[in-house]
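What follows is a set of notes on a single structure, which appears directly below.
The values are calculated or read from the model by the stated rules, or taken from the named source; none is laboratory data. Because the structure is a prediction, the values reported are computed rather than measured. No Cβ is skipped: glycine too gets one built from the backbone with ideal geometry, and neighbour counts run over all protein chains shown. Only protein heavy atoms, including side chains, enter the accessible area calculation; ligands, DNA and RNA are left aside. Shrake-Rupley method; radii C 1.70, N 1.55, O 1.52, S 1.80 Å.
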Amino acid sequence: MKFLFRLSFVVLCVFFYQCDDAPKKKEISKKENLKSEKIIEKDTIAIDEEKKWNTINSSNTEDFLLAYGKENPETKVIIKTKFGNMKIRLFEDVPAHRASFIYLTKNEYFNTTVIYRVAKNFVIQGGNSDNYLTVEQRTKHGNYLIKPEFKKHRIHKYGSLAAAREWDNNPNKLSNPFEFYVVQNKKGAPHLDNQHTVFGEVLEGFDTMTKISKVEVGADDWPMNEIPITVEILE
């Protein structure tokens, strides 16, 4: 009788222990799931953060360009055309514009574009085209705008490289980083000072500028025959 009583007692203890342990196991399992969810959430945030900096966009423009500029300090590029080449120096004291031009050059954006405007005795303008690849590239790179970086000593002299921009509905004079122009009037274009950011100058290739300035143009000063360009980093 005592033996049966003890056996029953042991069985009851085991039963109550298992019942008591089940919620604990569930609780531990729930904690592990929560921990797992936190790890997944953390990884997702890290991936989103990485994607955020994969390319430039309208919300990270300034920070991206300044960071990119530190990692990519090049200041010499060459613009190649069928009329010859122009060697360009980019100014370091306009860091966002310099970094943007280097960024787009390294991503081969300009290689889908043309010299699309030749305003006689004024400027030669490039960085756009009718090619759908140009639009595709702009979309890929965020269609961002750059705050002006006006400098008193960076004026529109002969051979200056400057950023194009919209004049309408653009009170902050934000630059279009995809389009640029070179001043080909030997007297310069002083009326554009503090209106467009000058971020470089022609070092070599003034004869190329002269040849391009003489091409036949149609409506909106667009050359009758396309002038494709490629831009490459020199140093």
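Give me the extension gain from GLU204 to LEU66: residue separation times 0.36 nm, minus the current Cα-Cα distance, reported in nm with one decimal.
Values: separation 138, 0.36 × 138 = 49.68 nm, distance 2.77 nm.
That works out to 46.9 nm of additional length.
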Checklist line | Area accessible to solvent at THR105, 1.4 Å probe radius, in Å² | finding: 10 Å²
Checklist line | Solvent accessible area, Å² - ASP220, 1.4 Å probe, full protein context | finding: 130 Å²
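Using a 1.4 angstrom probe on the protein heavy atoms only, could you order LEU133, LEU104 from most to least accessible area?
Working: LEU133 65, LEU104 0 Å².
I get LEU133, LEU104, largest accessible area first.
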Notebook entry, point to check: Rounded to the nearest whole Å², what accessible area per residue is found for the range 42-184 with the 1.4 Å probe?
Noted result: 51 Å²
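Would you work out if the range 94-165 is rounded, prolate or oblate? Take a ≥ b ≥ c from the square roots of the eigenvalues of the alpha-carbon gyration tensor; rounded if a/c is under 1.5, else prolate when a/b is larger than b/c, oblate otherwise. List each step's numbers first, then the result.
Values: a/c = 2.33, a/b = 1.26, b/c = 1.84.
Oblate is the answer for the range 94-165, as a/c is 1.5 or above yet b/c matches or exceeds a/b.
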Notebook entry, point to check: Between ASN128 and residues 5 or more places away or on another chain, which pairs have amide H atoms under 5 Å apart, with H built 1.01 Å from N, and which residues are they?
Noted result: VAL114, TYR116
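Once you list every other residue whose beta carbon is under 13 Å from the beta carbon of PRO190, what net charge do they have if Lys and Arg are +1 and Asp and Glu are -1? Can you show the working numbers first?
Working: positive: LYS152, ARG154, LYS157, LYS186, LYS187; negative: ASP193.
Local net charge: +4.
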Check: With charges only on Cβ, +1 for K and R and -1 for D and E, what is the dipole size of the range 127-235 about its Cα centre, in debye, rounded to 20?
Finding: 560 debye
Notebook entry, point to check: Among the trypsin sites (Lys or Arg not before Pro) within the range 50-151, which fall in a DSSP loop and have no more than 15 other Cβ atoms within 10 Å of their own Cβ?
Noted result: LYS82, LYS120, LYS151
Notebook entry, point to check: What net charge do the residues around SER100 carry, taking every other residue with its C-beta under 12 Å from that of SER100, with Lys and Arg at +1 and Asp and Glu at -1?
Noted result: 0
Next item on the list: Return the whole-Å distance between the Cα centroid of the range 94-136 and the Cα centroid of the range 169-205.
Entry: 13 Å
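Restricting to DSSP loop positions (anything but H, G, I, E, B) with no more than 16 other Cβ atoms inside 10 Å of their own Cβ, which GluC sites (Glu not before Pro) remain in the range 67-134? Could the numbers behind the result be given before it?
Numbers: sites: GLU71, GLU74, GLU92, GLU108; in loops: GLU74, GLU92, GLU108.
Filter output for the range 67-134: GLU74, GLU92, GLU108.
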Item checked: Environment charge of PRO73, counting only residues whose C-beta is closer than 12 Å and scoring Lys/Arg +1, Asp/Glu -1 -> -1
Notebook entry, point to check: Each residue of the range 192-208 in order: what ³J(HN,Hα) in whole Hz does its phi give by Karplus 6.51 cos²θ - 1.76 cosθ + 1.60, θ = phi - 60°, with x for Gly and Pro?
Noted result: 8, 4, 6, 10, 10, 7, 8, 10, x, 8, 6, 9, 9, x, 5, 5, 5
Margin query: To the nearest 20 Debye, how big is the dipole of the range 139-180 about its Cα centre, given +1 on the beta carbon of each Lys and Arg and -1 on that of each Asp and Glu?
Written below: 280 debye
Notebook entry, point to check: Whole-Hz Karplus ³J(HN,Hα) for the range 163-170, in order, using 6.51 cos²θ - 1.76 cosθ + 1.60 and θ = phi - 60°, x for Gly and Pro?
Noted result: 8, 6, 7, 6, 9, 7, 6, 9
Check: Hey, if you put +1 on the Cβ of every Lys and Arg and -1 on every Asp and Glu Cβ in the range 62-187, which of ILE78, ASN185, TYR68 ends up farthest toward the positive end of that dipole?
Finding: ASN185
Item checked: Cut-off under 5 Å, modelled amide H: who pairs with LEU203 long-range -> LYS87, ILE88, ARG89
Checklist line | Percent accessible area from carbon and sulfur atoms, the range 152-207, protein chains only, probe 1.4 Å | finding: 49 percent
